[in-house]
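Down below is the structure, laid out as structure tokens.
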Amino acid sequence: MSSAPPPTSDKGPGRLGAAFHPHALSLASRAVHADDYINSQRAVAPPLQVSTTFRYADDPDALRPWDNTDPNAPYDSHMYSRDSAPNTTRLEAILTDLIGQPTLTYASGMASFHAMIVFLNPRRVAIGHGYHGCHGVLDIMKKLNGLEKLELESDDDLAKLQPGDVIHVETPLNPTGEARDLEHYARIAQAKGCYLTVDATFAPPPLLDPFQWGADIVMHSGSKYFGGHSDILCGVLAINRKRIEDPSSQDQAKNWMAALRYERLVIGGVMGSLEGWLGVRSLRTLELRVERQSSNAGRLVAWLAAEKAKPDSLVAQVVERIHHASLQKEASDPDSWLLRQMPRGFGPVFSIILRDATFARRLPSKLELFHHATSLGGVESLIEWRAMTDREIDPRLLRVSIGVEGWEDLRADFERAFAALIAEQAAKKA
Ligand SMILES: *Cc1c(COP(=O)(O)O)cnc(C)c1O
């Protein structure tokens, strides 16, 4: 079967081959051009290809099993869309370039996490209190094979790790937006012979490169920032190149990419073509969106924190605590791991704990620009009373996902909503 990694941009004959660009292109340019080499059409905007199956070569002498090369489209040929398809291949080509390591896409973030755990097949996974869905996958694995979950933040639990086990770090965390130190966990993984997997959904490029700090596999819910418009489900696994000892090998130990791709073909958790097409469109503006969203969030968090420090301000009357990586103590230390790992911003999601659960339930209805909805990462700002989808969460917690709007408008919306909440409470008491 053709389990070779998706072609990387240095192989293609495209208009913008290496000869035209002896210097390295910026992330923003690569997001627009990384897939030019697969573009055999004259259409500037990529076509949407919905076919699930693709014609074999006309020449019988050219037929090679699992290697469907159509001479008219040498860089865009496929067999069956459970293996690969044009739109998702283009999406993977851009992601591979932006993330900097070979990348596969999946039907959803959860499908990619499941694929990663099935592939690594650990006896134990050390995991913290991040996204609750990942715990759901581990509970299913426990039912199937007795997999044991360990607490990431407990030294006693980390002491139980054995070679071949997994340390899974989500950073920044869902829902608080607080970051974790990848160098710290990479040292433990190295010492114990464990794999370090990182859920970097909350810090897509250009905010964090977990491979630089020792990750073996990086996963993303591409439904969030890679999609960025609240209209696709997508999961992403990127593989550290050092786990591809021999690119031509089908042996799992020597080529993680081929092995993962083979398992994806068998299990079938691939993205649809429409989602792949929407994903390509979305990635063109990844850096613009993420930088804007992250700086908007940083400004709003700084404003909330400053207001909260003023006695009797509206914010102080409503908000008990604010969580975000920008408020972690390390954020003010230029030599800290946090500034080393996240020098370009701390991500667009933060959480606020209100003074009581009634405030948290009622605040979203007072906001005009923020939609009250789950999920995050889109161009539109969202707020969620997290108790709606997470049974174990503090009922006073609101998760905020900042979009690309003008941040002053978002600030004014918060001010209006806090005032309305206080007025409502006063009216009830009267
Ligand atoms: C949303 C999310 C997931 C799950 O992704 P889906 O695409 O919804 O399946 C996993 N991890 C984190 C951190 C998330 O925010």
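None of the figures in this text is laboratory data; all of them are computed from the coordinates on show. The structure presented is a predicted model; accordingly, all values stated were derived computationally and were not measured. Cβ sites come from the backbone with ideal geometry, for glycine too, and all protein chains shown count toward neighbours.
Pairs of Cα atoms under 8 Å, at least six residues apart: use those to get the relative contact order of the chain, whole percent.
Relative contact order comes out at 15 percent.
Looking at this model, which pairs from LYS254/LYS329; LYS149/LYS329; LYS142/LYS192; LYS142/LYS366; LYS160/LYS242 are more than 31 angstrom apart at the alpha-carbon?
From the list (LYS254/LYS329; LYS149/LYS329; LYS142/LYS192; LYS142/LYS366; LYS160/LYS242), the Cα-Cα distance tops 31 Å for LYS254/LYS329; LYS142/LYS366.
Per the helix-only calculation at 222 nm, which mean residue ellipticity applies to the chain, given -39500 (n - 2.57) for every DSSP H run of n ≥ 4 and division by its residues, nearest 500 deg cm²/dmol?
Counting only the DSSP helices, I get -11000 deg cm²/dmol.
Report, as a whole number in µm² per second, the diffusion coefficient that Stokes-Einstein gives for region 41-196 at 25 °C and 0.890 mPa s using the Kirkwood radius over alpha carbon pairs.
131 µm²/s
With θ taken as phi - 60° and the coefficients 6.51, -1.76 and 1.60, list the Karplus ³J(HN,Hα) couplings across region 168-176 in order, rounded to whole Hz; mark glycine and proline as x.
10, 10, 9, 7, x, 7, 8, x, 7
Output the 0 to 90 degree angle, nearest 10, between the alpha-carbon long axis of helix 286-308 and the longest principal axis computed from the alpha carbons of the chain.
That works out to roughly 20 degrees.
How much net charge surrounds VAL266 when only other residues with a Cβ under 11 Å from its Cβ are counted (Lys, Arg +1; Asp, Glu -1)? List each step's numbers first, then the result.
Numbers: positive: ARG82, ARG261, ARG264; negative: ASP83, GLU263.
Around VAL266, the surrounding residues sum to +1.
In percent, how large is the relative contact order of region 124-245, given Cα pairs closer than 8 Å and 6 or more residues apart?
Relative contact order, region 124-245: 19 percent.
If each Cα of region 24-127 is one equal point scatterer, what is log10 of I(q)/I(0) from the Debye formula at q = 0.10 Å⁻¹?
-0.40
Given the chain, what whole percent of its Cα pairs are spread farther than 30 Å?
46 percent
Give me the number: length gained by fully extending LEU25 to THR53, i.e. 0.36 nm times residue separation minus the C-alpha to C-alpha distance, one decimal in nm.
On the way: separation 28, 0.36 × 28 = 10.08 nm, distance 3.48 nm.
Result for the pair: 6.6 nm of gain on full extension.
At a Förster radius of 35 Å, what calculated FRET efficiency corresponds to the Cβ-Cβ distance of ALA306 and ARG284, to the nearest 0.05?
Numbers: r = 35 Å, r/R0 = 1.01.
Approximately 0.50, to the nearest 0.05.
For region 122-167, what does the alpha-carbon gyration tensor say about shape, rounded, prolate or oblate, given a ≥ b ≥ c as the root eigenvalues, a/c under 1.5 as rounded, and a/b over b/c as prolate?
oblate
If you line up the long axis of helix 407-429 against the longest principal axis of the chain, both from Cα atoms, how many degrees apart are they, to the nearest 10?
Approximately 40 degrees, to the nearest 10.
When the gyration tensor of region 280-367 is built from Cα positions, what are the square roots of 5 times its three eigenvalues, in whole Å, from largest to smallest?
Details: eigenvalues 143, 74, 20 Å².
Taking √(5λ) for each Cα gyration eigenvalue gives 27, 19, 10 Å.
How would you rank 265-272, 84-91, highest first, on the average number of other Cβ atoms within 10 Å across their residues? Please report the intermediate quantities before stating the final value.
Numbers: 265-272: 17.8, 84-91: 24.6.
Going from most to least packed, we get 84-91, 265-272.
Suppose every K and R has +1 on its Cβ and every D and E has -1 on its Cβ; what is the size of the dipole of the chain about the Cα centre, in Debye to the nearest 20?
Using only the charged Cβ atoms, the result is roughly 600 debye.
Between LYS142 and TYR80, with labels modelled 7 Å along Cα→Cβ, what's the label distance in nm to one decimal, could you check?
With each label placed 7 Å out from Cα toward Cβ, I get 3.6 nm.
Just to confirm the number: angle between the C-alpha axis of helix 273-283 and the first principal axis of the chain, 0 to 90 degrees, nearest 10?
The angle comes out at about 60 degrees.
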